[in-house]
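Encoded as structure tokens, here's the structure I'll be asking about.
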Amino acid sequence: MSPRPSSTASQNNGIRSVVLSHSSSSECYDDLPNDLLKKSLGTFDEKVVVTEHKPVVSSENDDGAERLDPGVKSVDDVDDIVPPNNDSEPPDGGLQAWLVVVGAMCSTFSTFGYVNAWGVFQEYYQQNVLLHSSPSDIAWIGSIQYALVFLPGLPMGRLFDLGYFRSILIPASVLLIIATFLIPECKEYWQFLLCQGFATGLACGTFFGPVTAILAMWFKKRRGLALGLFATGSSIGGTVIPIVVKSLIPKVGFSWAVRIVAFILFVGLAAANLTLKRRVPPAPNSEGVFNLQMFKKFTSPAFTIYCISTFFVYLGFYTLLTYISVTATSIGVSESFSFYLVSIANASGGLGRIGAGLFADKFGAMNALIPFTALTGVMTCIWPFMGSTGGLVVVTVIYGYSSGSYGSLVSVPVIETGEPGDLGRRIGLLMTFLASGGLLGPPISGLIFRSRGIEAMGIYAGCMIILGVVIMCIPRFLVLSARRRRGMLTGWILSKV
């Protein structure tokens with residue numbers, strides 16, 4: 001079979017055919033609107049053939065044979081596969097599109113950035129407010145935050161697909177501001193767990209999936225850059241908020257320091273609610289919010305394996321950010337400087353998010369995710385063995401840059417391989433795996449820290465990240481194998497994926 005591009009259109013005897021090749025962030029569909037991309041991450045050998053009289057949807061088996069897709073029953077189904085309008089192509093720029101990016105940055109500054117500042121709160125609680133609680137117990141507050149940033153992704157994504165957006169973002173904004181104002185009133189462990197763990201995490205999690213889907217509606221060829229800028233908001237928040245808390249506590253006390261943070265979050269959330277806007281109307285759907293159809297994506301091996309890889313990555317992903325301030329003092333770093341290590345990691349992560357976005361637009365998201373995430377795992381392994389302030393800062397900077405790349409691109413492979421009407425559901429399924437890893441990771445690390453020491457904790461967390469990278473290579477292999485079966489000249493190393 002001779003090599004051919006991923007999409008071809010021919011006109012023979014009144015018959016028009018469109019052939020689709022699915023791959024993550026690849027040249028296979030650079031010239032096709034996202035609405036043509038029907039299946040999710042694993043169905044990379046999908047072909048859609050549309051005729052004037054009868055729609056045929058077929059996909060190649062491993063032996064090269066074709067089969068009729070049972071989902072297409074009549075000519076009426078053609079509109080669900082190839083939308084007739086020509087307005088489906090994302091603009092990839094313009095005033096409104098970049099205002100959406102600004103709003104997305106404001107949202108992630110106020111949500112994920114706030115959550116990323118948890119390391120400073122962990123240290124303060126261990127040394128002041130929650131002296132009788134173990135580091136592992138306190139870490140559960142941060143873990144619940146991290147998990148709930150992702151865990152609501154499936155129901156929130158489904159609601160987004162059904163057309164709900166501002167009606168869920170505005171209540172979430174109110175909840176986050178109220179929860180932050182209540183933190184200074186907390187005295188007991190369970191009160192911190194409720195306000196800063198559950199309420200804060202749930203409010204932040206309501207934003208993440210729908211805002212990611214909104215950006216995918218406005219950007220395609222520059223999607224990596226847009227998502228990188230979106231994720232940079234969390235780096236800015238994770239840099240600014242710890243510095244604000246650190247500098248204000250000696251001047252106005254912990255209570256007023258947190259209240260000032262709440263006012264900052266109010267400004268960011270107000271800007272986000274004013275500028276975020278969906279571009280594509282919701283697709284007509286009568287399936288409801290919860291049904292078994294939302295799990296049909298797991299019939300795709302590549303999609304399922306990719307989601308599993310994110311679970312293992314997140315088992316170790318937040319360990320360094322959670323414990324670096326606490327453990328830095330054990331190697332002689334001054335307490336005043338240890339506060340700033342979280343800010344250094346987040347500032348470096350901002351550069352990594354933008355750099356990775358540009359890299360992914362040119363070379364492919366998976367090609368950026370795999371090496372940068374592997375570097376994150378290595379830095380997590382060697383971090384506890386740094387015996388000087390200078391070495392610890394170097395590791396923190398490298399970790400921040402590489403981990404920022406993963407944070408900005410993790411959703412790109414599932415965004416770019418499906419129809420826009422299903423964005424929220426696909427992102428939500430991915431977020432569920434992220435949430436599970438984010439919930440279990442820091443407490444497990446805390447138990448290892450208490451029983452085996454900081455070195456064992458770092459090695460465990462780093463190895464979990466590296467294991468996730470190894471698993472992540474499998475869907476990349478499946479993508480390239482599907483292309484080669486179609487006769488495309490595809491290399492195993494240099495191909496854009």
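Need at least 1 residues that are surrounded by fewer than 20 Cβ atoms within 10 Å (Cβ to Cβ) and at pLDDT 85 or above per element, so show me which helices (runs of 4 or more DSSP H) inside the stretch 348-449 make the cut, counting only ones lying wholly within it.
365-382, 389-409
Could I ask something else about it? Pairs please, first residue from the stretch 464-489 and in contact (Cβ under 8 Å) with a residue 40 or more places away in the chain and within 17 Å of Ala302 (Cα to Cα), second anywhere and surrounded by 15 or more Cβ atoms within 10 Å (Cβ to Cβ) and of a type in the set (Ser, Thr, Tyr), Cβ atoms under 6 Å, 6+ apart in sequence or on different chains.
Final answer for the pair search is Gly468/Ser309; Val469/Thr373; Ile471/Ser309; Met472/Ser309; Pro475/Tyr306; Val479/Ser23; Arg483/Thr490.
Being among the aromatic types (Phe, Trp, Tyr) and farther than 18 Å from Gly404 by Cα is the filter; apply it to the stretch 299-344 and report the residue that is most open to solvent (accessible area, probe 1.4 Å).
The selected residue is Phe337.
In this structure, is Ala199 touching a residue at least 24 places away in the same chain (Cβ under 8 Å), buried (at least 24 other Cβ atoms within 10 Å of the Cβ) and of a type in the set (A, V, I, L, M)?
no
Here's a follow-up. Take Leu229 and tell me if it is in a helix (DSSP H, G or I), in contact with a Leu (Cβ under 6 Å, 6 or more places away or on another chain) and either open to solvent by less than 40 Å² (accessible area, probe 1.4 Å) or closer than 30 Å to Leu130 by Cα (or both).
no
Hey, any hits in the stretch 147-158 for a residue that's in contact with a Cys (Cβ under 8 Å, 6 or more places away or on another chain), β-branched (Val, Ile, Thr) and surrounded by 22 or more Cβ atoms within 10 Å (Cβ to Cβ)?
yes
Right, something else. Exactly one of (1) open to solvent by less than 40 Å² (accessible area, probe 1.4 Å); (2) modelled with pLDDT of 85 or more is unmet by Gly224. Its number?
With respect to (1) open to solvent by less than 40 Å² (accessible area, probe 1.4 Å); (2) modelled with pLDDT of 85 or more, Gly224 is out only on (2).
Name every residue in the stretch 450-480 that is surrounded by 15 or more Cβ atoms within 10 Å (Cβ to Cβ) and hydroxyl-bearing (Ser, Thr, Tyr), in order of residue number.
Hit for the stretch 450-480 is Tyr460, nothing else.
How many of the residues in the stretch 300-349 are over 25 Å from Ile144 (Cβ atoms) and of a type in the set (S, T, N, Q)?
Number satisfying all stated conditions: 7.
The values are calculated or read from the model by the stated rules, or taken from the named source; none is laboratory data. Note that the structure is a prediction, hence the values are computed from the model and not measured. Cβ sites come from the backbone with ideal geometry, for glycine too, and all protein chains shown count toward neighbours. Side chains included, ligands, DNA and RNA excluded: accessible areas come from the protein's heavy atoms. Shrake-Rupley method; radii C 1.70, N 1.55, O 1.52, S 1.80 Å.
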